[in-house]
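Participant: Handing you a structure now.
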Amino acid sequence: MTVRPGGLRPLTRTRTGDLAERAIVLALRGCALVSILTTVGLVAILLVEALDFFGRVSIVDFLTQAKWTPLFSSKEFGIVVLISATLLTTLIAMLVALPVGLLAAIYLSEYAPERQRRILKPAIEVLAGIPTVVYGYFALQFVTGVLLKGLLGDAISTFNGLSAGLVMGVMIIPLVASLSEDALYAVPQSLRAGSYALGATRFETSLRVVVPAALSGIVAAFVLAVGRAVGETMIVAIAAGQSPRLGLDPFVPIETMTSYIVQVALGDTPVGSIEFLTIFAVGATLFAMTLLLNLFSAWFTRRYREAYQ
Amino acid sequence: MTETTVVPWAEGLGDGAGHASLVASSDMVTDAVRWPMTGPAPVIEVRDLSVHYGAKQAIDRISLDFGRNRITAIIGPSGCGKTTLLRALNRMNELIPGARTTGQVLYEAQDIYARDVDPVAVRRRIGMVFQKPNPFPKSIYDNVAYGARINGHEGKLDELVERSLRRAALWDETKDKLRDSGLALSGGQQQRLCIARAIAIDPQVILMDEPCSALDPIATLKIEELMRELAVDYTIVIVTHNMQQASRVSDMTAFLLAGEERIGRLVEYGPTVDIFTNPRDTRTEDYVSGRFG
Ligand SMILES: Nc1ncnc2c1ncn2[C@@H]1O[C@H](COP(=O)(O)OP(=O)(O)OP(=O)(O)O)[C@@H](O)[C@H]1O
Ligand SMILES: [Mg+2]
C-alpha cells in the first residue's frame, strides 16, 4: 500500500495510543469513584451509628415523645420537637423565598430588557455567595435586634424562629430566582408569540403560558430551596436559639435539627455516649427528609419534563 | 390597481352585519374565487408601510388593501419581507426588540399604530397562525379555551371549544381526547388546533405565515380546504412559498421582492388569476413561472 503525499494516517492501532487512552479512562473512573465512595461511606456511617442509637433508644419513643432532652438527666428523645422547629423556619423562609424568587425570575426573563437581564442575573448570583455566618449575625443583630424588637418590643425573644426564617428566605431568593429564570428563559419564544397573537397581555402570557411550560424546572428550583432551608445550619444556630421546644411559635427560641447537631458537635459530649449518638439519629432523619424531597423532585421533573418539546 | 368588479351580492360584504346571510349558499363562495375583487370596503388598508429591524430596513413603503372575506396570498422569495409585512398587520413585530414601523395600517378605517390603540385589542381582532405549529403545552381543550379565558368569555366554554374544533375540521379526531396534550397530536393536527385556537376568539382577520410548510400534502390539502371554508366568515391573509397553493386558495395575490439592497418592495398586486396567468411585471412572471433565484 502506498501512502499518498499528505495522505491519511495509517489505520493500525499504536500501543502507546491505546495505553494513553486506557490511562485516561482509568483516571476519570477513579474520580467518579471517589465521589461515589465518599457518599456511600457517609451514608454507611450515618446508618451504622443511627442503628446503634436505635439499639438503645426505642424508635417508638423517638417518634412519639413530645420532649427532646437527651442532654439532661431525665432523657426524652421526641424528634418531633426538632422537626417542628425545622419546619417552622423552613416554612417562613419559603414564604419569603418562593414568591419573591419566582417574581424576580419572571421579571428577569419576561420583562427586563436583555441588557438589564445580563447585568442583574450575575448580580443576584453573587448574593448567593455571601457566607451564611454573615446572614446569621445579620438576623440576630439587625432583624431581631433592630427591626423585630423595634416593632414588637418584648413580645419577641432575642432568639426566635421568625428572624432566622426571614433571613434564611432572603438568603435563598437568589437560588430560586436564578434557577427559575433558567427554566422560564428556556421556554421557546414561539409559545409567547402564540399567546400574544391571541390577544394576551404580557402578564397573562407569563402567568398562563410561560410559567406552566417551565413548571418542572420551577418545581425543581423550589425543592432545592426547601432542601437548602431544611439543611441550613449557621443562620438558625446563631439566630433561632438552642431551646428544644415543640410548636410553631415564631417569637420564641427554638432548636432545629441542624442547630442541635452543631450544639452537640461543639460541646464536650463523650464519643460513643448516647448523647453523642443522637446526632446520628438526627442526621439520619435529616437525610431521609432531603432524600424524600429529591425523590419527589425527580419524579415530578420526569413527569413534566420539558413539556413544551 | 385592479378593476373593481361589483357583483350584485358583493354590496353586502361592506357591512360586517350581513355575514350570516352570505353563508347561505356555498356556490357564492366559489363565485368569489372566480370573481376576485377588492370590494367596496377593505378590512385592512396598508399605506406606505416600512419596517426596520435596528438599522436595517426590511420592507419599504408598501401599500395595499386586504378585501373583506377574501383570501390574499403574499408571495416572494425568501427574505423579501413577507413575514415582516404580515406581522406588521397585527403589531406582532413590536415584540421584536429594535423593530420599528412607519406608515399606516388601517383596520376598519382606524390606524392600528395610532397612539391610543391597544396592541392587545388589535390582536384580538386580527389573529395569527404561525409557520411552525405552536400549541401550548396544555390539553387540547385548554389550548382552544385559552383565548376565551383570558378575554373573559361569557357563555359556555364547552360549546365554544366544540364549535371551534369543528370549524377547524379537528373535532372528529379529538372529541374523545380533549384532555390529552395538544402536543400529542400530529403536525397537521397541531396546525389545525392552532387554527381552532385562533378562531375561538372570533377574530375578523386571520393571518397565516406559511401554515403548511411543516405539513405533508394531505394535511396541506385539509388546511387549504379549511381556509376556503373560513373565508366565508373571515378575512384571510396567507404567506406561502408554494405557488400552487397560492393559486389554489387565494383570491388576490401580492408579490414582494427585495432588490440588491435587500429591502422588500411590493412589485405587483392583483387578482390571483391575473398574477399567475397575465402578470404585468416581468419579475412577477419570472417568479411565478419558477425562473427566479
Ligand atoms: N428579528 C429580526 N431581526 C433582524 N432582522 C430581521 C428579523 N426578522 C427578519 N429580519 C430581516 O428582514 C428581512 C425580511 O425578513 P422576513 O422574515 O420578513 O422575510 P420572509 O419573506 O418572511 O422570508 P422567508 O420566506 O424566508 O420566511 C430579512 O432580510 C431578514 O434578515
Ligand atoms: Mg417568513
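The values are calculated or read from the model by the stated rules, or taken from the named source; none is laboratory data. Worth saying up front: this structure is predicted, and the values here are computed from it rather than measured. With ideal geometry, Cβ positions are generated from the backbone for all residues, glycine too; neighbour counts draw on all protein chains shown. SASA here: full protein model, heavy atoms, side chains in, ligands and nucleic acids out. Shrake-Rupley method; radii C 1.70, N 1.55, O 1.52, S 1.80 Å.
Participant: Is it true that B:Glu210 is touching a residue at least 40 places away in the same chain (Cβ under 8 Å), more than 14 Å from chain A (Cβ to nearest Cβ), open to solvent by 20 Å² or more (accessible area, probe 1.4 Å) and closer than 27 Å to B:Leu256 by Cβ? Don't jump to the end; show me each part of the working.
Facilitator: On the way: touching a residue at least 40 places away in the same chain (Cβ under 8 Å): yes; more than 14 Å from chain A (Cβ to nearest Cβ): no; open to solvent by 20 Å² or more (accessible area, probe 1.4 Å): yes; closer than 27 Å to B:Leu256 by Cβ: yes.
No; evaluated as a whole, the condition is false for this residue.
Participant: I need the full set of residues from segment B:112-141 which are surrounded by 21 or more Cβ atoms within 10 Å (Cβ to Cβ) and more than 10 Å from every other protein chain (Cβ to nearest Cβ), in order please.
Facilitator: Once the filter is applied, which keeps residues that are surrounded by 21 or more Cβ atoms within 10 Å (Cβ to Cβ) and more than 10 Å from every other protein chain (Cβ to nearest Cβ), segment B:112-141 yields B:Ile112, B:Ile140.
Participant: Sticking with this structure for a sec: Among the residues of segment B:88-109, is there at least one that is touching a residue at least 60 places away in the same chain (Cβ under 8 Å) and within 16 Å of ligand 2 (Cβ to nearest atom)?
Facilitator: yes
Participant: Moving on. Take the residues in segment A:185-199 that are outside any helix (DSSP H, G or I) and over 10 Å from A:Val209 (Cβ atoms); name whichever of them is farthest from the other protein chains (Cβ to nearest Cβ). So that I can check it myself, show each step before the final result.
Facilitator: As a first pass, look at segment A:185-199 and keep what is outside any helix (DSSP H, G or I): A:186-188, A:197-199.
Now restrict to residues that are over 10 Å from A:Val209 (Cβ atoms): A:186, A:188, A:197, A:199.
Details: A:Ala186: 13, A:Pro188: 8, A:Ala197: 4, A:Gly199: 3 Å.
Result: A:Ala186.
Participant: While we're on this one: B:Ala169 - would you say it is open to solvent by less than 70 Å² (accessible area, probe 1.4 Å), under 22 Å from B:Ile71 (Cα atoms) and either within 16 Å of ligand 2 (Cβ to nearest atom) or touching an Asp or Glu at 6+ places or on another chain (Cβ under 8 Å) (or both)?
Facilitator: On the way: open to solvent by less than 70 Å² (accessible area, probe 1.4 Å): yes; under 22 Å from B:Ile71 (Cα atoms): yes; either within 16 Å of ligand 2 (Cβ to nearest atom) or touching an Asp or Glu at 6+ places or on another chain (Cβ under 8 Å) (or both): yes.
Considered against the rule, which asks whether it is open to solvent by less than 70 Å² (accessible area, probe 1.4 Å), under 22 Å from B:Ile71 (Cα atoms) and either within 16 Å of ligand 2 (Cβ to nearest atom) or touching an Asp or Glu at 6+ places or on another chain (Cβ under 8 Å) (or both), B:Ala169 comes out as yes.
Participant: Could I ask something else about it? Across segment B:75-101, which residue is most open to solvent (accessible area, probe 1.4 Å) among those that are more than 8 Å from ligand 1 (Cβ to nearest atom) and among the aliphatic types (A, V, I, L, M)?
Facilitator: Of the residues in segment B:75-101, the ones more than 8 Å from ligand 1 (Cβ to nearest atom) are B:75, B:88-95, B:97, B:100-101.
Imposing the further condition that a residue be among the aliphatic types (A, V, I, L, M) reduces the set to B:75, B:88-89, B:92, B:95.
Details: B:Ile75: 0, B:Ala88: 0, B:Leu89: 0, B:Met92: 0, B:Leu95: 59 Å².
Across segment B:75-101, the extreme among qualifying residues is B:Leu95.
Participant: Hey, among the residues in segment B:37-53 that are within 15 Å of ligand 1 (Cβ to nearest atom) and open to solvent by less than 40 Å² (accessible area, probe 1.4 Å), which one's farthest from B:Thr272 (Cα to Cα)?
Facilitator: Within segment B:37-53, the subset within 15 Å of ligand 1 (Cβ to nearest atom) is B:46, B:49-53.
When the remaining residues are screened for being open to solvent by less than 40 Å² (accessible area, probe 1.4 Å), the result is B:46, B:49-52.
Working: B:Val46: 19, B:Leu49: 22, B:Ser50: 24, B:Val51: 26, B:His52: 29 Å.
So the residue we want is B:His52.
Participant: Sticking with this structure for a sec: Does segment B:102-111 contain any residue that is hydroxyl-bearing (Ser, Thr, Tyr), surrounded by 17 or more Cβ atoms within 10 Å (Cβ to Cβ), within 22 Å of B:Asp233 (Cβ to Cβ) and more than 10 Å from chain A (Cβ to nearest Cβ)?
Facilitator: Taking segment B:102-111 as the starting set, the residues that turn out to be hydroxyl-bearing (Ser, Thr, Tyr) are B:102, B:107.
With the extra rule that they be surrounded by 17 or more Cβ atoms within 10 Å (Cβ to Cβ), the set shrinks to B:107.
Next cut, within 22 Å of B:Asp233 (Cβ to Cβ) only: B:107.
Going one step further and asking which of them are more than 10 Å from chain A (Cβ to nearest Cβ), we end up with B:107.
Yes.
Participant: Moving on. Looking only at segment B:215-232, which residues are touching a residue at least 60 places away in the same chain (Cβ under 8 Å) and touching a helix residue (DSSP H, G or I) at 6+ places or on another chain (Cβ under 6 Å)?
Facilitator: Hits for segment B:215-232 are B:Met227, B:Val232.
Participant: Then there is this: Considering only residues that are open to solvent by less than 20 Å² (accessible area, probe 1.4 Å) and in contact (Cβ under 8 Å) with a residue 12 or more places away in the chain, look in segment A:184-199 and name the one that is nearest to A:Val219 (Cα to Cα).
Facilitator: Per the stated criteria, the residue is A:Leu184.
Participant: Exactly one of these conditions fails for B:Thr174: (1) more than 11 Å from chain A (Cβ to nearest Cβ); (2) within 29 Å of B:Ile74 (Cβ to Cβ); (3) open to solvent by less than 10 Å² (accessible area, probe 1.4 Å). Give me its number.
Facilitator: The single condition B:Thr174 does not satisfy is (2).
Participant: In segment B:226-285, which residues are over 20 Å from the mean Cα position of the chain (by Cα) and either within 16 Å of ligand 1 (Cβ to nearest atom) or within 14 Å of chain A (Cβ to nearest Cβ) (or both)?
Facilitator: B:Ala258, B:Gly259, B:Glu260, B:Glu261, B:Arg262, B:Ile263, B:Arg283, B:Thr284
Participant: Scan segment A:255-309 residue by residue and report those that are acidic (Asp, Glu), open to solvent by 40 Å² or more (accessible area, probe 1.4 Å) and more than 14 Å from chain B (Cβ to nearest Cβ). Before the answer, list the steps.
Facilitator: Of the residues in segment A:255-309, the ones acidic (Asp, Glu) are A:255, A:268, A:275, A:306.
Filter once more, keeping what is open to solvent by 40 Å² or more (accessible area, probe 1.4 Å): A:268, A:275, A:306.
Hits for segment A:255-309 are A:Asp268, A:Glu275.
Participant: Can B:Val144 be described as more than 16 Å from ligand 2 (Cβ to nearest atom), crowded, with 20+ Cβ neighbours inside 10 Å, closer than 26 Å to A:Pro212 by Cα and among the β-branched types (Val, Ile, Thr)?
Facilitator: yes
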